[in-house]
Amino acid sequence: MSTLELSQDGPVLQVWLNRPDSLNALDDATLTDIAEVFDGAARRFDLKAIVLGGRGRSFCAGADLKNPPGRGGTGERERRWRSQIGDRACRAIADCEVVTIARLHGHVFGGGFALALSCDFRVATETTSFALPEVDLGIPMTWGAVPRLIAEVGASRAREIVMLCDRFDAATAHRIGLVHRVVSDAELDDAVAALAGQLVAKPERALDVSKSQFRAYSNSLGDATLSDGDYFREGIAAHRL
């Protein structure tokens, strides 16, 4: 794939966002590739864990504002379908039949934050910074991130993160339950490998059913984002990005 780098070590698939010159900013091609890989994992019975990381200095700085995703289309239905590309990518990760781990470093902003939030586990370096700047940019937070964030950290914290748009560090992310491990930069790969190894060693059926349970209970919060692609597209258009 032109935007992703894939490698496999036994039952663990490594998926790397591979646009390091743009801090792995997300365009249509990247989001389409992400959706394809994670949707396809349902047919990969050799896999027991997938690690999502980013090449270069950051995990992901968010949507590519030079080439924003979700635009184009010749008719209303196609335009609306295209506008949902970010939601489809995040949903593919969240609904993936394989346990997923986000390997986080550098910037985890906007759409990158939404991708990480869609994973089952998150491991970050001490220097990782997090932010959802969408409201400050005049764009509501979309891609299904709001209900997922509420499910992970609670409504009060989620409201603060989404509406105030403040940047926060990995220690704060760990304290509020957003990330599961915080390690030094040098320890990141070992920590991710250790977590993946621990998960791979679990009885497969019990782990699979447990993931399904958490997915079902999280969805009980409801998801009011069926039209969030419309909101994202309108926000991008308003700023002529």
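If you stretched the chain out fully between Met163 and Arg55, how much longer would it get, using 0.36 nm times the residue separation minus the C-alpha to C-alpha distance?
The span from Met163 to Arg55 would gain 36.0 nm if fully extended.
Can you give me the relative contact order of the range 33-111 as a percent, contacts being Cα pairs under 8 Å and 6 or more apart?
53 percent
Once you have the alpha carbon radius of gyration of the range 158-209, what is it after dividing by 2.2 N^0.38 Å, with N set to its residue count?
1.53
Under a point spin-label approximation (7 Å from Cα along Cα-to-Cβ), what is the Val209-Asp189 distance to one decimal in nm?
That separation, rounded to one decimal, is 3.8 nm.
Pop the C-beta distance of Val135 and Ser156 into the FRET formula with R0 = 22 Å and round what comes out to the nearest 0.05.
That pair, Val135 with Ser156, gives E of 0.85.
Solvent-accessible area per residue for the range 99-178 at a 1.4 Å probe radius, Å²?
On a per-residue basis, the range 99-178 sits at 36 Å².
Could you name the lysines whose alpha carbon sits less than 16 Å from that of Lys211, not counting residues in the same chain fewer than 8 places away?
Of all the lysines, those that pass the test against Lys211 - Cα under 16 Å, at least 8 places apart if same chain - are Lys48, Lys202.
If you scale each eigenvalue of the Cα gyration tensor by 5 and take the root, what three semi-axes come out for the range 126-225, rounded to whole angstrom and sorted largest first?
For the range 126-225, the semi-axes come out at 27, 21, 10 Å.
How big is the C-alpha Rg of the chain next to the rule-of-thumb value 2.2 N^0.38 Å, as a ratio?
0.95
Just need the relative contact order of the chain here, percent rounded to a whole number, with Cα pairs under 8 Å and 6+ apart.
20 percent
Send over the Kirkwood Rh of the range 8-101, from the inverse of the averaged 1/r over different Cα pairs, rounded to one decimal Å.
Here the Kirkwood hydrodynamic radius works out to 14.0 Å.
At 222 nm, what helix-only mean residue ellipticity would the chain give, in deg cm²/dmol to the nearest 500, using -39500 (n - 2.57) for each DSSP H run of four or more?
-13000 deg cm²/dmol
Rounded, prolate or oblate, given the Cα gyration tensor of the range 48-120, with a/c below 1.5 counting as rounded?
oblate
Extension gain Thr74-Thr127, at 0.36 nm per residue separation less the Cα-Cα distance, in nm?
14.7 nm
List the extent of the Cα atoms of the range 38-159 along each of their three principal axes, largest first, rounded to whole Å.
Largest first, the range 38-159 extends 40, 36, 32 Å along its Cα principal axes.
Sequence-distant or interchain residues sharing an amide H contact under 5 Å with Val51, placed H: which?
Hits under the 5 Å cutoff: Leu13, Gln14, Val15, Ile101.
Choose one of Ser129, Ile139, Gly154: the residue whose Cα lies farthest towards the positive end of the charge dipole of the range 70-182 (beta-carbon charges +1 Lys, Arg; -1 Asp, Glu; about the Cα centre).
Farthest towards the positive pole: Ile139.
List the aspartates and glutamates whose Cα sits under 17 Å from the Cα of Lys66, skipping any in the same chain fewer than 8 residues away.
Answer for Lys66, where 17 Å is the Cα cut-off: Asp21, Asp27, Asp28, Glu134, Glu234, listed by chain and number.
Please report the relative contact order for the range 75-125, taking Cα pairs under 8 Å with a sequence separation of at least 6, and give it as a percent rounded to a whole number.
Averaging sequence separation for qualifying contacts and normalising by length gives 39 percent for the range 75-125.
So for the chain: antiparallel DSSP bridges make up what percent, rounded to the nearest 5?
Among the beta bridges of the chain, antiparallel pairing accounts for roughly 25 percent.
About the Cα centre of the range 9-128, what is the dipole size in debye to 20, counting +1 per Lys and Arg Cβ and -1 per Asp and Glu Cβ, all else neutral?
200 debye
Let me spell out the model: positive unit charges on the Cβ of Lys and Arg, negative unit charges on the Cβ of Asp and Glu, origin at the Cα centre of the chain. What dipole size does that give, in debye rounded to 20?
Computed about the Cα centre, the dipole is about 320 debye.
Just grab the label-to-label distance for His174 and Leu6, each label 7 Å out from Cα along the Cβ direction, in nm (one decimal).
Label at His174, label at Leu6, 3.3 nm between them.
The values are calculated or read from the model by the stated rules, or taken from the named source; none is laboratory data. Fair warning: this is a prediction, and the values are worked out from it, not measured in the lab. Glycine also receives a Cβ, built like all others from the backbone with ideal geometry; neighbour counts cover every protein chain displayed. Please note that ligands, DNA and RNA were not included when accessible areas were found on the heavy atoms of the full protein model with its side chains. Shrake-Rupley method; radii C 1.70, N 1.55, O 1.52, S 1.80 Å.
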